[in-house]
Each structure stands twice: as structure tokens, then as C-alpha cells.
Amino acid sequence: MATKDNLKEAFAGESQANRKYLAYAKKAEADGLIQVAKLFRAAAEAETVHAHAHLRALGGIKNTEQNLEDAVDGERHEFKNMYPPFLNEARQENKKSAEISFKYALAVEEIHYGLYQEALDSVKAGNDLPERKVYICEICGNTVYDDSPERCPICNAPKTKFKEII
């Protein structure tokens, strides 16, 4: 049982390091430190290799239908159980940046839940999703199909803040 717990902890740590290093890379790039940014991106990619290896060792990657079921459950938990109390506590403590972060995440996780549920229904019917363009808002993470809106309905960011995912 200790190895399973160690794999879970290692997966979480490597996953967090990946995201943190990507954020550091953006900052280094903004500071004009292109090679430092490249180093952060390389390390982030290496952390992804480690995280995926740990997840495989945990048996955490199943068939696509099971993976979608897991994603639906995870997103449901986040928008129904996790983020509401986080948001409430941030408001009570008057932590505005945390409040905004949690508010955006809560709204987007509910959208992800719906998108994953749609994908799961499609896979259960023996189909892939139809081919469509997918965009995310780089401010709040809002995820939309086909075309980005003029303004993000969650954070009010302009259309230019949406990035096409390829």
C-alpha cells in the first residue's frame, strides 16, 4: 500500500511542478529571458514524462470510455463540492484574487463537465465527437467550440484572449 500512496504523491508533485514551471517560463519570457524560459519549458515537459509514468504505474489510464467517466466524475466534484466552499471562504476572508480564481474555475469546471459528458455519450454510442475547432480563454479557461465569442461570458476577456487548441 505504501508504494501506491508514494505513486499518488509523486504524480501530484510532478503534475504541480509541470504547471508551475510553465508559469515560470511565461514570466521568464515576459522578462526577456528566452533561454531561461526554454529551460523551464524543458523541465516542465520532463515532469510530464514522470507524471505519466507514475499514473501508468498506478493503473490510472483506462480505456477512453472509463477515462471519460473519470473526467466527468472529477469535474462534477470540482464544481459541485470543491470550489463552492473554496469560493465562500475566499469571500469571507476578503481574498479577492483567490475569489476570482475560484469563481472562474467553478464556472469552467461545470462547462468541462458538460463537454466530457457529451463526449462520453458519443463514445458510448460508438462514435468520436464531430470535428470542430476548440478554443480556450487564456484568462479563465472557458472552453468553447467552433468560434470564440466577442467577449468571454465568464471573465469578459476580449476575443483576442482565446487560443485555438490544436
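Pairs of lysines in the stretch 1-59 whose Cα atoms sit within less than 22 Å of one another amount to 4, provided the residues are eight or more positions apart or on different chains.
In the chain, a dipole from Cβ-located charges (positive for Lys and Arg, negative for Asp and Glu) runs towards its positive end, and of ALA23, ALA53, ALA10 it is ALA23 whose Cα lies farthest in that direction. Sites listed here are trypsin sites (Lys or Arg not before Pro) in the stretch 65-101 whose DSSP assignment is loop and whose Cβ has at most 14 other Cβ atoms within 10 Å: LYS95.
The simple spin-label model puts a point 7 Å past each Cα toward its Cβ; for ARG56 and HIS77 those points are separated by 2.4 nm.
Its Cα centre serving as origin, the chain has a Cβ charge dipole (Lys and Arg +1, Asp and Glu -1) of approximately 540 debye. Between ARG132 and LYS8, the modelled label-to-label distance comes to 3.5 nm, taking each label 7 Å out from Cα in the direction of the beta carbon. Sort out for me the Cα centre separation of the stretch 44-70 from the stretch 16-32, rounded to whole Å. Centre-to-centre (Cα) distance: 23 Å.
Quick note: the coordinates plus some simple rules give every number you see, no bench work behind them. As the structure is a computational prediction, the values presented were derived from the model and not from experiment. With ideal geometry, Cβ positions are generated from the backbone for all residues, glycine too; neighbour counts draw on all protein chains shown.
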